[in-house]
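Before any comments, here is the structure.
The values are calculated or read from the model by the stated rules, or taken from the named source; none is laboratory data. Just so it is clear, the model here is predicted, and its values are computed rather than measured. Cβ atoms come from the backbone with ideal geometry, glycine included; neighbour counts cover every protein chain shown.
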Amino acid sequence: MRITTFLLAAGLCGGAAAATSLAPVFKTLAPIHIGGEARWDYVQIDSPAHRLYVSHGTQTEVIDTESSQLLGTIPDTAGVHGIAIASDLGQGYTRNGKDNSVTVFDLATLKVKGKIKVGENPDAILYDPSHQLLLTFNGKSEDLTVVDAKRGEVIKTVAVKGKPEFAQIGFGGKIIFNIEDSNELASFDPVSLALTQRIALKGCEEPTGLAVDEQFRSYSVCKNKRMVIVAPDGKQQTVKIGAGADGAAWLDGLALSSNGADGTISVVRETSAGHFDSVDTLATAYGARTIVADPATHRLYLPTADFEPAQAQAKRKSKPNTFRVLVLERQ
């Protein structure tokens, strides 16, 4: 199912035809049913291993992307948000918000190897293979915890003075991340273990999801229905997206925003040199606010559930045993 919306310059002759030619085609595949409690946040892909990791409240589900079958469950990941994979170390990590910890597990067996204490209310987590560092981005304590992943030891805590959100590896090997409450994009140097830059995201309110392309341009999605694109030279552009975006992904030349309040994905691409437009809107489901892309299969994965009808000034409640992962495939 697809909804087509094009954001075009007013009065552009032949604009609709031009945008149509730029709109990619995605096919909706059968969802992966998980069931149980409908609580989730991030979803992570290990493309070479054909595995999908899904945060699920107090545990983390591991799915075989070739068969769409559940391979196993990593228990005792209370308040799990982010998941990171260190293939070179044979280890995976979950970031657990309820007990301010990281669970370390074996990639081959999925057995838990131990826990590492980190900052307060850790949200995003990222593994830097070039330096074998694991970083957690801690919302309540407003800092980063830097872990020597090979030894499993915390080596530094770095103050952010703001609430850090999604993170990616950016230009020059720097680690970039959104700061939600100050509307900034920050940069961390994994060599000096220090923050090196903070950039105000123009026209952005409360950035959360973040993606990076092959040219190290970053794509931050914001609460006020905007995506801000930042080039390595600092130039910015803002594009309209849907409501309730919390995740972003990059796939096949497309920047994708998962809009949980709308039940859509906004598709953004470079339509001319250095200029970006929203070229399509794909239908998903209400609540599908986070997203991950598998570059090998050209598929998108978005966790969600069914919800009760909306009521005035009340948060919509999820329906029991409807938790699932939506799957879309680029044609």
(message) Being of a type outside the set (D, E, K, R), farther than 18 Å from G114 by Cβ and outside any strand (DSSP E or B) is the filter here; which residues of segment 59-78 pass it?
(response) T65, S67, S68
(message) Looking only at segment 56-75, how many residues end up being within 26 Å of H298 (Cβ to Cβ) and surrounded by fewer than 20 Cβ atoms within 10 Å (Cβ to Cβ)?
(response) 8
(request) Evaluate segment 112-124: report whether one residue or more is closer than 25 Å to G72 by Cα and assigned to a loop (DSSP other than H, G, I, E, B). (result) no
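Filter segment 188-205 down to residues that are under 15 Å from E142 (Cα atoms) and surrounded by fewer than 22 Cβ atoms within 10 Å (Cβ to Cβ), then give me how many there are.
Counting residues in segment 188-205 that are under 15 Å from E142 (Cα atoms) and surrounded by fewer than 22 Cβ atoms within 10 Å (Cβ to Cβ) gives 3.
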(request) Please go through segment 208-232 and pick out each residue that is within 13 Å of S258 (Cα to Cα) and either of a type in the set (F, W, Y) or in a strand (DSSP E or B) (or both). (result) T208, G209, L210, A211, Y219, S220, V221, C222, R226, M227
(message) A255 - would you say it is farther than 23 Å from L126 by Cα and either in contact (Cβ under 8 Å) with a residue 60 or more places away in the chain or outside the structural domain of E165 (by TED's automatic domain parsing) (or both)?
(response) no
(message) Contact list please: Cβ distance under 7 Å, first residue in segment 222-242 and over 19 Å from E165 (Cα atoms), second residue in a strand (DSSP E or B) and of a type in the set (D, E), pairs at least six apart or on different chains.
(response) V239/D277
(request) Any chance you could count how many residues in segment 77-98 are within 13 Å of Q59 (Cβ to Cβ) and of a type in the set (G, A, S)? (result) 2
(request) Output the qualifying pairs, or none if there are none: Cβ atoms under 7 angstrom, residues six or more apart or on different chains, first residue in segment 70-83 and without any contact (Cβ under 8 Å) to a residue 40 or more places away in the chain, second residue outside any strand (DSSP E or B) and surrounded by fewer than 20 Cβ atoms within 10 Å (Cβ to Cβ). (result) G72/L110; I74/L110; T77/T58; A78/T58; A78/K98; A78/D99; G79/K98
